[in-house]
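Read the structure below first, then the notes.
The values are calculated or read from the model by the stated rules, or taken from the named source; none is laboratory data. None of these values were measured; they are calculated from a predicted model. Every residue, glycine among them, receives a Cβ derived from its backbone with ideal geometry; neighbour counts consider all protein chains shown.
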């Protein structure tokens, strides 16, 4: 595999029994995930499996996936498609009722496409297994590449200043709110010229919140924004979330701090072991006696 400017190419060859196969995968950058498959006739059933397997491993990019299959000399089995033959005979009977026609010749019936099925070896299972092996190999390669680049990325980001990180992020979002950027720089007291690796955990969280809030998103999803924060910073974060919601923004908040989360939620849901136990307006859920037993550890 070679990677350049988020463009990837991979290929793999192999053989199973009398079947030889050659895969090619090409990828270019894209906003979402778009797959175009080119499969030989007779292997269309692989498409669903390939799309599912790739979808679990790739989240974005325009992918073209090609499969070429060659068969060597081997045992060929011919099977009569009883269902197709029955449909052909029924059609002939219907035709005889309308016009006078001679009885069909056997070789003519067998020459109709689909009446005879030609099978060389165990084609489908062999190619399906080959596809799985190829995708597993690709996943292992992707993981190795990710591990290499993730380390470099952390080093690069850590050496950026707060201002450089903001300037790097903003061009990716056409609806970037420069007005909110300046407001939260002041409110969060973020040091614009300090490197990110030198920031405290609370300050890094406030920077991450600024980068999220300024994107102009219609829906903002926050996963435990208060984790690891000191009380003062936690209060600032929840006050900011409340102000965003009061300004008309929709936020989905996942939060272990039930008191703080439910205290500002217009609608709250409390879950236990993956099941919804309480639901309703946030303050009402918080005041429910069951909340102590289910979530806050009360007896």
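Report yes if residue 236 is assigned by TED's automatic domain parsing to the domain that holds residue 190, closer than 23 Å to residue 188 by Cα and touching a residue at least 40 places away in the same chain (Cβ under 8 Å), otherwise no. Taking the combined requirement at face value, the residue satisfies it.
Test residue 54 against the stated conditions and say whether it is surrounded by 10 or more Cβ atoms within 10 Å (Cβ to Cβ) and at pLDDT 75 or above.
yes
Considering 192, 212, 217, the condition of being surrounded by fewer than 19 Cβ atoms within 10 Å (Cβ to Cβ) and free of Cβ contacts under 8 Å to residues at least 12 places away in the same chain is satisfied by 212 alone. As a summary of the residue check, residue 225 satisfies the conditions (1) in contact with a strand residue (DSSP E or B) (Cβ under 8 Å, 6 or more places away or on another chain); (2) surrounded by fewer than 17 Cβ atoms within 10 Å (Cβ to Cβ) except for the one numbered (2). Residues of region 244-268 that are surrounded by 14 or more Cβ atoms within 10 Å (Cβ to Cβ) and outside any helix (DSSP H, G or I): 249, 251, 253, 255, 257, 265, 268. For residue 220, the stated conditions do not hold, so it cannot be described as closer than 27 Å to residue 288 by Cβ and not assigned by TED's automatic domain parsing to the domain that holds residue 179. Among the conditions (1) farther than 26 Å from residue 41 by Cβ; (2) modelled with pLDDT of 75 or more; (3) loosely packed, with under 12 Cβ neighbours inside 10 Å, residue 97 misses just one, which is (2).
Among the residues of this structure, residue 217 does not count as one that is over 26 Å from residue 205 (Cα atoms), modelled with pLDDT under 85 and not in a helix (DSSP H, G or I). The set of residues in region 100-114 being in a loop (DSSP other than H, G, I, E, B) and surrounded by 10 or more Cβ atoms within 10 Å (Cβ to Cβ) consists of 104, 111, 112, 114.
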